[in-house]
Amino acid sequence: MEFDTIAAISTPMGEGAIAIVRLSGSDAISIADQIFRSPGAKALSNQLTHTIHYGHLIEPTTGDVVEEVMLSLMKGPKTFTREDVVEINCHGGIVIVNQVLQLVLRHGARLAEPGEFTKRAFLNGRIDLSQAEAVMDLIRAKTDRAMNVALGQMDGKLSRLIATLRQALLETLAQVEVNIDYPEYDDVEEMTLPMIIEKSTWVKNEIERLLQTSMQGKILREGLSTVIIGRPNVGKSSLLNSLVQENKAIVTEVAGTTRDIIEEYVNVRGVPLKLVDTAGIRETEDIVERIGVERSRQVLKQADLILLVLNHSDELTIEDERLFEAIHGMDFIVVINKTDLEKKIDTQRVQELSGNRKIVTTSLLQEEGVDQLEEAIASLFFEGSLDSNDLTYVSNARHIALLNQAKHTIEDAINAAQAAVPIDMIQIDVTRTWEILGEITGDTVEESLIDQLFSQFCLGK
Amino acid sequence: MQNFEAGSFDVIVIGAGHAGAEAALAAAGMGAKTLVLTINLDMIAFMPCNPSIGGPAKGIVVREIDALGGAMGKVIDKTHIQMRMLNTGKGPAVRALRAQADKVLYQAEMKRLMEEQDNLSIHQAMVEELIVENNEIQGVITQVGAIYRAKTVIVTTGTFLRGEIIIGNLKYSSGPNNQQPSLKLADNLRDLGFDLVRFKTGTPPRVNSKTIDYSKTEIQPGDDVPRAFSYETSEFITDQLPCWLTYTNERTHQVIDENLHLSPMYSGMIKGTGPRYCPSIEDKVVRFNDKPRHQIFLEPEGRNTREVYVQGLSTSLPEHVQRKLLESIPGLEKAEMMRAGYAIEYDAMVPTQLWPTLETKKIRNLYTAGQINGTSGYEEAAGQGLMAGMNAAARALNKEEIILSRSDAYIGVLIDDLVTKGTNEPYRLLTSRAEYRLLLRHDNADLRLTKIGFTAGLISEERYERFEAKKKLIEEEIIRLRKTIIKPNEETQSIIRSKGGTELKDGIKGQDLLKRPEMTYEDIAKLSPSTIQLTDEMKEQIEIQIKYEGYIEKSLLQVEKLKKMENKKIPDQIDYNAISGIATEAKQKLKEVRPLSIAQASRISGVNPADISILLVYIEQGRIAKISG
Ligand SMILES: Cc1cc2nc3c(=O)[nH]c(=O)nc-3n(C[C@H](O)[C@H](O)[C@H](O)COP(=O)(O)OP(=O)(O)OC[C@H]3O[C@@H](n4cnc5c(N)ncnc54)[C@H](O)[C@@H]3O)c2cc1C
Ligand SMILES: Nc1nc2c(ncn2[C@@H]2O[C@H](COP(=O)(O)OP(=O)(O)OP(=O)(O)O)[C@@H](O)[C@H]2O)c(=O)[nH]1
Ligand SMILES: [Mg+2]
């Protein structure tokens, strides 16, 4: 067995109550042993192959329980990949599954590349020759799709921030390198340990902040911020209620949120939503003015998704049109409600206003159309393409895993600098951090350091 | 011209610069009947630029050459005027030795070594044509019509191919330092279908030391400890000559500004790409115009000459401007210029046309090495020369080819960069080009490479035994320190206190105490003396291996991964067109570079991980097909 250990979510996202995180590779069992506690405290490595174990996943550094799971243990070679395989069955929902995935990634597994389980199965002789072509097609197809998704999900702000961090690291590196490669140049400031510590600490703090606030982190912790807007009485509150009831979600009122905005947490087909009903701010007569209220605008601006509710049995009003204007350029779904009543709305016009956004018709009273709405929300989130096993959440899970790695390597650099380790050793971890961050943004141009060196400093005979 | 048969050989080396000299010595040393043909025998191993060998990365290359059985280290040990260990204040990975050479003595010593080498014939001649049949080299033809036949040929023609010297608006056909350029061979290479590029480099003026006012400069002495590059050197030079440091100033920069229009660089006369790390003074002043001064090192060119190399003043400005530049610099006001600085343009091979053995892909048994492959620098040339020499001899003698990996040596990094990525400017080694530089240290070059040199036949039995013994002692001492417990007695505590460390609470393993930043091997040895006599070199080795164990292990882990990918060989007859999944750009690159292993393939820019995955599956499929078919 010559491969490292890979992991991925291997069940389609958002479907079913159980999700599986699969590990494959020579360290699969030892990684699982680090994070899994069974009631009898048995070590998995001592268990028979093809057995199922009940227990809890814990974060070994803190002892916190992450999740209650069933774990299948399959030792190679009688497995799909012919390597040791561990499958962690946990309750569905992307929050939990991703937490489990991140846990194994933090403890030694690497996020699988598109099609990698299948590739291993093939390379380990599990799949026969006739399937090789298919394996190659699969890798290509999955990679292309993952690329698109990754690009789509790569938030401009995030990539700019990472670019800033990388540049700061690069300048530090260049300064260390120039001292190494051109020791005779006395006019270049020597990069000292305190300077390295200062720069590295700054980078570390920024990474931590990113981990806190990155889109994915936010969605995982808080849900996709979904704001319901519409004229009075179109059915906004009804929509919220039916989404909540349909999904039998535990309704939590988050302390500290303003009273006049109602927030509910629901899980729609694996997508965690933070539903915001703007009903509370209805005092003002003019809706548009209402939207103009500072706080409401804030809510709108922070929204990841807007549900614009229209009344099927009313003509479109100027207020509706202005609502469309207000959410221009954002992700939204149009909900035409009250289809049980006589049609007065001009659907042609609604279509024009909606552009390429989805339009769903509902009768919340008769509990019709909610399914389609949920479908629309889920497919919007998964970009309509993330439907099959080891690709799920590749880009975002990858970002987080990489950010975590970057945090570790920069911490190593700081610790080493504090212990007065020679600068060229510290450099190894700083360089690694720079590389890892580059993997997030897809920038791995190797000559950059040398370019930086010669543009930052005047060198040479 | 009447052609005539002039002899037949295993290996012919064209050129006796730094690449050619190593290539010839290595090939002959391995037992191949070798001939060197070079334009001027008085210019063997000539240094057309600074009289200096070594420095960061480059110095480690010299150590590697020595560990493999090459000559550069031994020759400079005998002929330097000063040596310094650089970066001693930093970690062991970046320590490097640099020597100022006595240029003339260096050449003489290299020539003597070559003359004395068994199996090696040396002849002054200008090669004009390569004889090629069925894409296989057969021999060479010289200017006088002599035909030399050989199983393998190594071209190491440096900056001579269509060389042109440029000073101000003067431009003339010439090799370095007004030697004869190599014109016909350049055309011949082009006719044979090789892609050539035009590169450029430059050199500063030389001045007469008796006209320098050293009182206005700072002295730069050598180390007072004796140093050597070669693991075989036992006699050390003690009388060293200093170098001197001065600076440019506002006035110098003003002279440049006023005369910039006369620079061939800015008039567009020079078209070749110059190295960024070797900028001319006019380049530096223009690009970094906020810098009030630039360093100028004054380096003697030897013991028996008054000529001094003005490092930092490389230029192609007209001679009268160069004079004004010198006048503006403290200490050089009255300096008499002996030679003017100049730029030189030349043809170089696009190095992706080479296999990692430095054999050309187009013509079997033909190798190229040195500056002709797009590099710059004596050490880079020598390292390639050695490898090309070893491989050409190995081919001629039916032995196995020798390829150093990126984790074996800087020479491996250099050659892999060249043949895998190519270069769009003269390539210089920098420590940052080596991803495993912690493993590629000055101190452990012998541990890394002696065995390879010995197997090839370039390291004597006696030296190898000495090396094995050293290695064993080091290993044993490390094991001893791993086991020995040091007690927290008064002696221990007082040593720790004197080093500013925190006192022990319990007994501690020798190796763990040594890992403390403030502790040295000598400290530990005081508390727990070794029963065997260890040399300073061994002590240093033990200290480094223990102190940086954690980092070294991390690097080794990465190397392990690299090795796995290196072991996945790509069959030479692979048809990239037949692999449908690989992206078009990647396909093109793969077809051009023709990587030998998956590791090499993954380093090609434009080939991404998905392409590599697909390639892996495709190769595996071919393998299975072969087994079952
Ligand atoms: C002006 C100048 C400035 C330089 N500046 C720098 C610098 O700043 N920094 C740096 O690192 N390096 C510099 N270099 C480069 C350094 O000198 C070279 O990299 C190094 O010498 C190359 O070694 P080589 O063996 O490849 O070629 P060379 O040392 O040039 O040797 C070439 C040999 O080939 C022989 N030869 C050529 N053509 C034929 C033929 N047709 N037949 C027979 N023999 C032939 C020549 O006689 C010579 O012996 C400079 C070089 C020059 C010329
Ligand atoms: N016939 C019919 N009535 C509906 C439907 N959906 C909601 N209603 C009714 O419409 C009324 C208003 O519904 P709400 O959900 O309170 O509307 P709202 O948009 O939240 O209104 P405000 O909070 O006042 O802005 C209620 O009496 C609902 O029962 C539907 O699909 N069909
Ligand atoms: Mg309401």
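The values are calculated or read from the model by the stated rules, or taken from the named source; none is laboratory data. The structure presented is a predicted model; accordingly, all values stated were derived computationally and were not measured. For neighbour counting, all protein chains shown are included, and Cβ atoms are generated from backbone atoms with ideal geometry for every residue, glycine included. Calculation scope for accessible area: heavy atoms of the full protein, side chains included, ligands and nucleic acids excluded. Shrake-Rupley method; radii C 1.70, N 1.55, O 1.52, S 1.80 Å.
Data overview
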read-out	value
Helices (runs of 4 or more DSSP H) contained entirely in region A:348-461, each with at least 1 residues that are within 14 Å of chain B (Cβ to nearest Cβ), modelled with pLDDT under 70 and under 23 Å from the mean Cα position of the chain (by Cα)	A:394-418
Residue in region B:392-403 that is crowded, with 24+ Cβ neighbours inside 10 Å and among the polar types (S, T, N, Q) present	no
Test: B:R251 is at pLDDT 90 or above, of a type in the set (D, E, K, R) and either buried (at least 22 other Cβ atoms within 10 Å of the Cβ) or closer than 30 Å to B:L105 by Cβ (or both)	no
Qualifying positions in region B:131-154 - touching a Gly at 6+ places or on another chain (Cβ under 8 Å) and touching a residue at least 60 places away in the same chain (Cβ under 8 Å)	B:I147, B:Y148, B:R149, B:A150, B:V153, B:I154
Residue match in region B:343-359 (condition: more than 26 Å from B:V593 (Cα to Cα) and open to solvent by 10 Å² or more (accessible area, probe 1.4 Å))	no
Considering residues of region B:284-295 that are within 15 Å of B:V255 (Cβ to Cβ) and part of a helix (DSSP H, G or I) only, the residue nearest to the other protein chains (Cβ to nearest Cβ)	B:K284
Residue match in region B:556-568 (condition: out of contact with any helix residue (DSSP H, G or I) (no Cβ under 6 Å at 6 or more places or on another chain), within 11 Å of chain A (Cβ to nearest Cβ) and either at positive phi or among the acidic types (D, E) (or both))	yes
Residues of region B:389-412 that turn out to be under 18 Å from B:R428 (Cα atoms), touching a helix residue (DSSP H, G or I) at 6+ places or on another chain (Cβ under 6 Å) and in a helix (DSSP H, G or I), as a count	2
Selection from region B:467-488 of residues that are surrounded by fewer than 16 Cβ atoms within 10 Å (Cβ to Cβ) and basic (K, R)	B:K472, B:R482, B:K483, B:K487
Residue match in region B:230-243 (condition: exposed (fewer than 13 other Cβ atoms within 10 Å of the Cβ), in a loop (DSSP other than H, G, I, E, B) and within 14 Å of chain A (Cβ to nearest Cβ))	no
Residue count for region B:373-384, restricted to those that are more than 14 Å from chain A (Cβ to nearest Cβ) and within 6 Å of ligand 1 (Cβ to nearest atom)	1
Residue within region B:117-125 that is of a type in the set (V, I, T), touching a strand residue (DSSP E or B) at 6+ places or on another chain (Cβ under 7 Å) and surrounded by 18 or more Cβ atoms within 10 Å (Cβ to Cβ) present	yes
Qualifying residue in region B:92-99 (condition: surrounded by fewer than 24 Cβ atoms within 10 Å (Cβ to Cβ), part of a helix (DSSP H, G or I) and in contact (Cβ under 8 Å) with a residue 60 or more places away in the chain)	yes
Hits in region B:257-283 (condition: over 13 Å from B:G168 (Cβ atoms) and touching a residue at least 24 places away in the same chain (Cβ under 8 Å))	B:D257, B:K271, B:G272, B:T273, B:G274, B:P275, B:R276, B:Y277, B:C278, B:P279, B:I281
Answer from B:P264, B:P330 - the residue that is more than 14 Å from every other protein chain (Cβ to nearest Cβ) and over 30 Å from B:V350 (Cβ atoms)	B:P330
Those residues of region B:40-57 which are in a loop (DSSP other than H, G, I, E, B), more than 14 Å from every other protein chain (Cβ to nearest Cβ) and open to solvent by 10 Å² or more (accessible area, probe 1.4 Å), in sequence order	B:N40, B:F46
Every residue from region A:355-377 that is more than 14 Å from A:L239 (Cβ to Cβ) and surrounded by fewer than 18 Cβ atoms within 10 Å (Cβ to Cβ)	A:G355, A:N356, A:K358, A:I359, A:E375
Verdict on B:T159 being in contact with an Asp or Glu (Cβ under 9 Å, 6 or more places away or on another chain), closer than 23 Å to B:L260 by Cβ and near ligand 1 (Cβ under 8 Å from one of its atoms)	no
Unique residue being basic (K, R) and either closer than 30 Å to A:T409 by Cα or open to solvent by less than 70 Å² (accessible area, probe 1.4 Å) (or both) when the list is B:K568, B:K505, B:K526	B:K568
Positions within region B:577-606 being at pLDDT 90 or above and within 13 Å of chain A (Cβ to nearest Cβ), in sequence order	B:A586, B:K587, B:I598, B:S602, B:R603, B:I604
Pairs with Cβ under 6 Å, 6+ apart, first in region B:393-409 and under 15 Å from B:E359 (Cβ atoms), second part of a loop (DSSP other than H, G, I, E, B) and open to solvent by 40 Å² or more (accessible area, probe 1.4 Å)	B:A394/B:E401
Strands (runs of 3 or more DSSP E) fully within region B:147-215 counting 3 or more residues that are under 26 Å from the mean Cα position of the chain (by Cα), within 16 Å of ligand 3 (Cβ to nearest atom) and charged (D, E, K, R)	none
Residue list for region A:91-108, filter: modelled with pLDDT of 85 or more and at negative phi	A:V100, A:L101, A:Q102, A:L103, A:V104, A:L105, A:R106, A:H107
Pairs, first over 17 Å from A:Q372 (Cα atoms) and within 6 Å of ligand 2 (Cβ to nearest atom) in region A:225-248, second modelled with pLDDT under 85 and among the small types (G, A, S), C-beta under 8 Å, six or more apart	A:S237/A:A279
Residue in region B:328-341 that is open to solvent by 10 Å² or more (accessible area, probe 1.4 Å), within 21 Å of B:Y266 (Cβ to Cβ), in contact (Cβ under 8 Å) with a residue 60 or more places away in the chain and not aliphatic (A, V, I, L, M) present	no
